[in-house]
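This report concerns only the one structure given below.
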Amino acid sequence: MPVKSWIAAGSTFAVVTSSLSASPHREPLAARNVLATLAAAERLRTRERDGTAGQPLRGKNLALLLGPSPSGDISTLRRAAQDLGARVAEVRFTEPAKPAPERDDVLALARMLGRMYDAVDCEALAPATARRIEQDAGVPVYHGLCLDEHPARVLADLMTLREHRSPPGGSMLFLGDAKTPRGSQFVSAARAAGFDVLVGSSGQPQSNDASFLVDARHSAHWSLLASGRPLDEARRTENHRCVMQAVLLDSIVKA
């Protein structure tokens, strides 16, 4: 499908501009953007299943800026971009421990990335460095788009929960620290999506009358349950890819 057709189909991820992408620790997502992004990701998944997705990012280039120990989830971002037709390159970069006074390696890197790529993921860099690259590269910059701490993961989990919600609405028990960046974003976005969210303490038992349970007590991996049963991990992965694709389309096409 031509790029202009994708834009005309509706707003995708307006809240995740390049600045939010560079910093996952921003204010909770606005209600209108939550719903628009979920709708865009759902359209992407439907088109993929129907074989009508096309490659709207054909001719675009994405750089994955990797450090010495890249995240194991980076492959999911690579696939998300490649499925849309983008070319993906891995760029290794390690911030110097003691930068030379007469050199600005970050500035040089940013300008090089801006000339060669249409977007950059800076998973390996500190948020301050990622913001510098965003400022000097002049292209969308994401700070770990595939990471659990990025708002894309929040919306992917909400997308999975919405699929098991009938009729619309539903109560949800959130177990864990809702004051962390990811926790606060999730609770805010879930309420914006129409869920009645109750925040429980870490020591609260899981038995509850809520339709859904989000167990966030283990930060490494949240558990999602509907009617006491874990939700399909394969579906969560698929939805995460679709949300990342919505981010890529919105930010790269509109850049």
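Since every read-out is calculated from the coordinates, none of them should be taken as a lab result. This structure is a prediction, so every number in the text was calculated from the model and none was measured.
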Q) Amide H to amide H under 5 Å from Val88: which residues, 5+ apart in sequence or cross-chain, H placed 1.01 Å off N in plane? A) Leu62
Q: Note the full-extension length gain between His218 and Asp232 as 0.36 nm times their separation in residues minus their Cα-Cα distance, in nm to one decimal.
A: 3.2 nm
(Q) Give me the one-decimal Kirkwood hydrodynamic radius in Å for region 151-231, with the sum taken over alpha-carbon pairs. (A) 12.4 Å
Q) Whole-Hz Karplus ³J(HN,Hα) for region 211-218, in order, using 6.51 cos²θ - 1.76 cosθ + 1.60 and θ = phi - 60°, x for Gly and Pro? A) 5, 10, 10, 10, 9, 9, 6, 10
Q: Would you pull out the residues with amide H under 5 Å of Leu198's amide H, same chain only if 5 or more places away, H placed 1.01 Å from N?
A: Met172, Leu173, Phe174
Q: Quick one: which residues, 5 or more positions from Ala119 or on another chain, have an amide H under 5 Å from its amide H? H modelled 1.01 Å from N in the peptide plane, none for Pro or chain starts.
A: Asn61, Ala63
Q.
Please list 3J(HN,Hα) in residue order for region 146-153, calculated via the Karplus relation 6.51 cos²θ - 1.76 cosθ + 1.60 where θ = phi - 60°; whole Hz, with x for glycine and proline.
A. 8, 7, 5, 7, 7, x, 4, 5
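Calculate how large, on average over all directions, the projected area of the Cα convex hull of region 117-171 is; give the answer in nm² to one decimal. Numbers along the way, then the final one.
Values: hull surface 21.1 nm².
For region 117-171, averaging the hull's shadow over all directions gives 5.3 nm².
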Q. Stretch Arg115-Leu35 to full length: gain in nm at 0.36 nm per residue minus the Cα-Cα span?
A. 25.4 nm
